[in-house]
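The values are calculated or read from the model by the stated rules, or taken from the named source; none is laboratory data. Not measured: the values here are computed from a predicted model. All Cβ positions, glycine included, derive from the backbone under ideal geometry; neighbour counts span all protein chains shown. These accessible areas exclude ligands, DNA and RNA; they are computed on the full protein's heavy atoms, side chains included. Shrake-Rupley method; radii C 1.70, N 1.55, O 1.52, S 1.80 Å.
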Amino acid sequence: MLRFTSTALALLLCISSSLASTTLVDPTGALTRIAVPQSSFENGVVAVLSSPGTPSLFPTGGDGGIVLSSRDGVSILSSPGATLAGISALSKGSGAAAAAAVSGSIILSGITESDLENGLDDTRHGQTLTAIFRQRLQDGGEDKITLIVAVPENADEEAVLKDVNAIFETASIELGKDVELEELYKVSIEKVTSESDAERVLQMASQAAKEVKVSTTSNVSSTIADVYTRISSVSSEAAPTATAALLACDDSFARHHRAARAKLTSWKSRTGRDLTVDNFGTVASQLLKRTMESFDRDTISAAGIAGSVASYRLQVRAKLQARIESAIRELFKIQVEILEKNTLKKFNAMLLRKHGKGTEGTEQFYNNNAAAVRSAAFAFDQVVEELEVPSLALTKAKVSQEMSNKLNTALLTFPDSPAARLKDMKQVQAVVSKSKQPTQRSVDLGIDLVAMIRPDGFGNLQGFGGYQLGGNSIIVGIHNDADEPSVIAQFGGKRPPFLRVQPKLKVDIEL
């Protein structure tokens, strides 16, 4: 009896050992048809997707196929991702999609810094994610799967997340699905540079996988085989002409997007130094027009193929146009902000040079500088006009109005600005430091009142009036800009007060 128990135990250990490393799809892409007990997947499944030829800190199958192993009771499905070369199903990402189809969490590894230079879209990892997303969008599912993207130390995590969103958006458009990435996946970008980092990420994935139950109607290994076979057959069913047209669309998108991004990056680098791009409106319009015309020429054959090919071409074209337009809009906004900052800086410097002549807060002060406001606004208009891209509705009308309001506000608030007060203090110190001759003692008092009326309107009416009697003066200004969005924003989302009165008491003491 003891001998039988020992034999059974040895057999059990043998089965457990074989389960620890079971090949479900060999490196050639052939199914092994090995049945694995359903109980092996009860504690969750983690898909670890590696990149062929790139060292990985995560557990991999080693032989290049889909391999099942176990770690702390959690099943690990290791699979190679897609490659940019090769015609096998594994090289197209079918293995990665099949492994992800039955997993509660996914780890995408093997991403290098060179892969991130121009974004993930056109890389092997982009193809892997596309295969995974297409499979999930087709099969559906209510559970939210955890997707962990392992990146190198110097990676821009926000940029990587943007790329993942863009790849998912493309896949959903291709399949006609109105779904957001956040509805199906919980995406996490993690920096992995050491074995301890890999261990931490693997624990995260294992914990997430335990919370997602594998929902399949049959054995999990059979499900993997069915999904793998279906994806592989779909990828090989397209007619040669249709396949060539689809590849032409992808190739044209990659080339023209890369060329446009290089130009846009150089412009963004210039704005990073607080400089504007010469004739931005003209060169940006030409870049957009030239890029789209080149894409149309390259993919004209795909437009003539009815069905999904023509639709896919339009989707890729729309994505290319949207990305370039988005970058141009961002550059326009950045350059407008640079010009606004420079204009206000020069205007305040001019006011500061004139400060100290005794006219601050008087009608004469505002009248003398009204021409300066108009001159600064005109100069701003001239420069912004070079940034206009009419085809994208990027014009100077709105920004010029906002700039005019900012200049008027700067003029009204300048007498109480820190720079003006600092210059006043310096002038007082200079006067006090000088030796004075004895004079007759006297104390003179004066009151200055400055009132500003801001009725409803959008800034098309402005005027000042004042009266001075001896050492007393009163100035009343009106500016109907209470409905102007930029003015409301300055007051924290509230309308400015209808009437603002600023009294000033002047005391002149001669000792």
Condition set surrounded by 14 or more Cβ atoms within 10 Å (Cβ to Cβ) and basic (Lys, Arg), scope the range 295-326, selection farthest from the chain's Cα centre (by Cα): answer is Arg313
Asn118: passes all of (1) over 28 Å from Arg255 (Cβ atoms); (2) of a type outside the set (Asp, Glu); (3) open to solvent by 20 Å² or more (accessible area, probe 1.4 Å) but (1)
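Every residue, every condition in (1) acidic (Asp, Glu); (2) at pLDDT 90 or above, yes or no:
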residue	(1), (2)
Phe280	no, yes
Glu293	yes, yes
Arg297	no, no
Gln335	no, yes
Ala349	no, no
Leu352	no, no
For the range 139-191, the count of residues that are modelled with pLDDT under 85 and either under 25 Å from Gln207 (Cα atoms) or assigned to a helix (DSSP H, G or I) (or both) equals 12
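Here are some residues: Gln437, Gln427. Which one is modelled with pLDDT under 80 and under 51 Å from the mean Cα position of the chain (by Cα)? Lay out the reasoning, then the answer.
Numbers: Gln437 fails: under 51 Å from the mean Cα position of the chain (by Cα).
When all the criteria are applied, what remains is Gln427.
So is Ser196 under 23 Å from the mean Cα position of the chain (by Cα), at pLDDT 90 or above and of a type in the set (S, T, N, Q) or not?
Working: under 23 Å from the mean Cα position of the chain (by Cα): no; at pLDDT 90 or above: yes; of a type in the set (S, T, N, Q): yes.
Against the criterion (under 23 Å from the mean Cα position of the chain (by Cα), at pLDDT 90 or above and of a type in the set (S, T, N, Q)), Ser196 does not qualify.
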Filter the range 65-95 for residues that are over 24 Å from Ala209 (Cα atoms) and among the hydroxyl-bearing types (Ser, Thr, Tyr); the one that is least open to solvent (accessible area, probe 1.4 Å) is Ser91
Residue set Ser88, Ser79, Ser56; condition among the polar types (S, T, N, Q) and in contact with a helix residue (DSSP H, G or I) (Cβ under 7 Å, 6 or more places away or on another chain); output residue Ser79
Counted residues in the range 200-234 being part of a helix (DSSP H, G or I), at pLDDT below 70 and surrounded by fewer than 17 Cβ atoms within 10 Å (Cβ to Cβ) come to 2
If you go through Val476, Val443, Val450, the only one that is loosely packed, with under 15 Cβ neighbours inside 10 Å and touching a strand residue (DSSP E or B) at 6+ places or on another chain (Cβ under 6 Å) is Val443
